[in-house]
Amino acid sequence: MGPLAITCVVGARPNFMKAAPLLSEFRRRPRFRPLLVHTGQHFSPEMSASFFADLEMPQPDVNLEVGSGSHARQTAEIMMRLEPVFLERRPDAVVVVGDVNSTVAAALVAAKLGIPVAHVEAGLRSFDRRMPEEINRIVTDSLSDFLFVTEESGLRNLAAEGVPREKVFFTGNVMIDTLLRFREKARESNVLDRIGVEAGSYAVVTLHRPSNVDDAERLAALLAMLAELSRRLPVVFPVHPRTRARMEQFAAADGRLLLTGPLPYLDFLRLVTDARIVLTDSGGIQEETTVLGVPCLTLRENTERPVTVEQGTNRLVGTDPARAMQAAAEVLDTPPRRKPAPELWDGHASERIADVLERSL
Ligand code: UD1
């Protein structure tokens, strides 16, 4: 049997920690010849290069440098630049991760060239099509030949959509592979000293969903809630570029919040590990806090990651500031409780995925 040319496509910040353990596993196996393509969807050093450094990832073999744009423009641009790469390299399979525009664009190009598509983190559904990521998930899954699922809800969702069972593999969570691998190293980060907070006694906030930050009133109300929370404990808020732009446009933050730019992976992992509470609208952070045993309030009406609520430390509180504040007070008044990690979030998901690909391709 000849070598397997596997092309991994990444583009945006949450892709990097998912692709890193896959690439390292593919590189370890003699049969795999991995290639890494970066679409350039995220391009600022703090949104991209810092992750490659922290996660000890090889530099991309190809960078498409697409940059930002409307959804249609960005997706189309990625597709146009990716097609010649796939035509030239003729990979045996294309691996895509997560639910960003780069994910769906790569799946579309590969599927139309008849190249098998493997989707890592398949089957998650928020059932909210106003989220661009939900559209990306549905389209990517419907085009995929291998659907690697992180939690049981994914199996149910794909079955309900009629995806043949033999295409679906419950392999666990590759993002947790990365978290467990780098947990010790993150302890060496001095980010707490730099920001001036003490372990176990501060909140961490992240906000970047268009539904929360692109609406002036909603963003102002959330920032007011965070200001109120900062009366009880220091609130550290690493600000995403999208959110930074909106805050400059229409909603300044209260001076008591501890604002930083986007943080590198190891600093952020350290910050979350030692937080008393996390408030977020991110998908991945709901999963990371679950494994770290840190209480998480998700500032959204729904989640595509229900296992983090059913078995983890996550609570959906919506975006009503009073409700979020009340939930935060409840968390701060209750001692945190440790729970076991969800099934197969054990640091070995990438190996299971590589096993399936090696066996089947
Ligand atoms: C994208 C993903 C989202 C993911 C998020 C994580 C889609 C549809 N959305 O959203 O699922 O949760 O990444 O960050 O794929 N910008 C920079 N530097 C960068 C990248 C972006 O300054 O490196 C700014 C640009 O002004 C850009 C804005 O941030 O217009 C938004 O970037 P974009 O890639 O469009 O979407 P995100 O909000 O980052």
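Listing for the model above:
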{"item": "Leu35 long-range amide H proximity, modeled H, under 5 Å", "result": "Ile6, Thr7, Cys8"}
{"item": "Farthest toward positive dipole pole in region 50-165 [+1 Lys/Arg, -1 Asp/Glu at C-beta], among Ala76, Val149, Val95", "result": "Ala76"}
{"item": "Kirkwood-based Rg to Rh ratio, region 1-141, C-alpha trace", "result": "0.94"}
{"item": "Estimated distance in nm for a label pair at Ser44 and Asp355, the labels positioned 7 Å out from Cα along Cα-to-Cβ", "result": "4.1"}
{"item": "The chain, dipole about Cα centre (Lys/Arg Cβ +1, Asp/Glu Cβ -1), debye to the nearest 20", "result": "200"}
{"item": "Lys/Arg +1, Asp/Glu -1 at C-beta; the chain dipole; positive extreme among Val168, Leu158, Leu36", "result": "Leu36"}
{"item": "Loop-located GluC sites (Glu not before Pro) in region 258-361, at most 15 other Cβ atoms within 10 Å (DSSP)", "result": "Glu301, Glu343"}
{"item": "Region 261-277 residues near the modelled Ala53 label - backbone nitrogen below 17 Å, point 7 Å along Cα→Cβ", "result": "261-270"}
{"item": "Region 138-185: GluC sites (Glu not before Pro) in DSSP loop, at most 13 other beta carbons within 10 Å", "result": "Glu161"}
{"item": "Lysine pair count for the chain [Cα-Cα under 27 Å; pairs on different chains or 8 or more apart]", "result": "6"}
{"item": "Within a Gaussian network of the chain (alpha carbon springs, distance under 10 Å), most fluctuating of Phe250, Phe268, Phe170", "result": "Phe250"}
{"item": "Pairwise label distance in nanometres, Leu259 with Met1, each label 7 Å out on the Cα-Cβ vector", "result": "5.4"}
{"item": "Within region 272-311, backbone nitrogen closer than 18 Å to the virtual label 7 Å beyond the Cα of Phe127 toward Cβ", "result": "300-311"}
{"item": "Cα-centre dipole for region 183-333 with unit charges at Cβ (Lys and Arg positive, Asp and Glu negative), debye to 20", "result": "200"}
{"item": "Sites matching GluC sites (Glu not before Pro) across region 1-62 that sit in DSSP coil, with at most 14 neighbouring C-beta atoms within 10 Å", "result": "Glu56"}
{"item": "Cα gyration tensor shape for region 1-69, rounded if a/c is under 1.5, else prolate or oblate", "result": "prolate"}
{"item": "Debye equation applied to the C-alpha atoms of the chain, log10 I(q)/I(0) at 0.08 Å⁻¹", "result": "-0.37"}
{"item": "Volume of the Cα convex hull of region 297-338, divided per residue and given in Å³", "result": "54"}
{"item": "Phi-based couplings in Hz for region 16-31 (Karplus 6.51, -1.76, 1.60; Gly and Pro marked x)", "result": "5, 6, 8, 6, 3, x, 5, 4, 5, 5, 5, 5, 6, 8, x, 6"}
{"item": "Coordinate range along principal axes, alpha carbons of region 213-333, Å, largest first", "result": "38, 31, 28"}
{"item": "Mean separation of Cα contacts under 8 Å, 6 or more apart, over the residue count of region 183-333: relative contact order %", "result": "25"}
{"item": "Cβ-placed point charges (K, R +1; D, E -1), dipole of region 109-217 about Cα centre in debye, nearest 20", "result": "280"}
{"item": "Residue-wise HN-Hα coupling along region 139-152, computed from phi with Karplus coefficients 6.51, -1.76, 1.60 (Hz; x: Gly, Pro)", "result": "5, 4, 4, 5, 9, 8, 9, 10, 10, 9, 9, 8, 8, 4"}
{"item": "Computed Kirkwood radius, in angstrom, where 1/r is averaged over Cα pairs of region 74-197", "result": "16.0"}
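Bear in mind that the values in this text are calculations on the coordinates, not laboratory data. Only a predicted model underlies this, so the values are computations on that prediction, with no experimental measurement involved. Glycine also receives a Cβ, built like all others from the backbone with ideal geometry; neighbour counts cover every protein chain displayed.
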